[in-house]
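Colleague: Just dropping this structure here.
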Amino acid sequence: MTRFTGFNNPLLLGFDHFERILDRASKASAEGYPPYNIEQTGENTLRITLAVAGFSMDDLNASVEDNQLVIRGRRDEDDTGRVFLHRGIAARQFQRSFVLAEGIEIGGAVLDNGLLHIDLERQVPEPEVRTIKIESGAPSKKKAPSPKTIDVGTDS
């Protein structure tokens, strides 16, 4: 299947980084496990909540890789001697990724009653105000350096 992107135009040079981010975002949205919520908890704060029932803190790992929050879960189950008549609780390993915008920082992560809460905070930079000194008069013009003269002596 041929994939069309708006970034393959020869006039748009250097946008391959954005194309990779969009690819990652589209791949991440296709995953279905584990289910998650993203909520805005304040003006500059967000919370991602993943349903990770059955996973302990030792089974979970969260890291930031190239502006991407990656949550991995891996459970080592001992199913020997157990016979399931119905198995509806997922225990498979997973990896869930979220692309983070510039300026988003991880505030912390808490596992509570089978829900993994990850708090994010957008760092709003203080506006930088710079005063420029205004001088009176015409702008000064630099003189062009004069060519060096070479004194050529005469033999007389």
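FYI, it's all coordinate maths here, none of it is from the lab. Values in this document were obtained by computation on a predicted structure and should not be read as measured data. We place every Cβ from the backbone using ideal geometry, glycine too, and count neighbours over all the protein chains shown.
Colleague: Would you pick out the residues in segment 78-94 that are surrounded by 10 or more Cβ atoms within 10 Å (Cβ to Cβ) and without any contact (Cβ under 8 Å) to a residue 40 or more places away in the chain?
Modeller: First, the residues of segment 78-94 that are surrounded by 10 or more Cβ atoms within 10 Å (Cβ to Cβ): 90-94.
Matches in segment 78-94: Ala91, Gln93.
Colleague: OK, next. Looking only at segment 37-89, how many residues end up being over 17 Å from the mean Cα position of the chain (by Cα) and part of a loop (DSSP other than H, G, I, E, B)?
Modeller: Of the residues in that region, 24 qualify.
Colleague: Since Leu100 meets every condition but one in (1) over 21 Å from Gly114 (Cβ atoms); (2) exposed (fewer than 15 other Cβ atoms within 10 Å of the Cβ), which condition does it not meet?
Modeller: Leu100 satisfies every listed condition except (2).
Colleague: Every residue in segment 103-124 that is hydrophobic (A, V, I, L, M, F, W, C), surrounded by 14 or more Cβ atoms within 10 Å (Cβ to Cβ) and either closer than 17 Å to Asp58 by Cα or in contact with a helix residue (DSSP H, G or I) (Cβ under 9 Å, 6 or more places away or on another chain) (or both), please.
Modeller: In the first step, residues of segment 103-124 are kept if they are hydrophobic (A, V, I, L, M, F, W, C); the result is 104, 106, 109-111, 115-116, 118, 120, 124.
Checking the rest, the ones that are also surrounded by 14 or more Cβ atoms within 10 Å (Cβ to Cβ) come to 104, 106, 109, 111, 115-116, 118, 120.
Matches in segment 103-124: Ala109, Leu111, Leu115, Leu116, Ile118.
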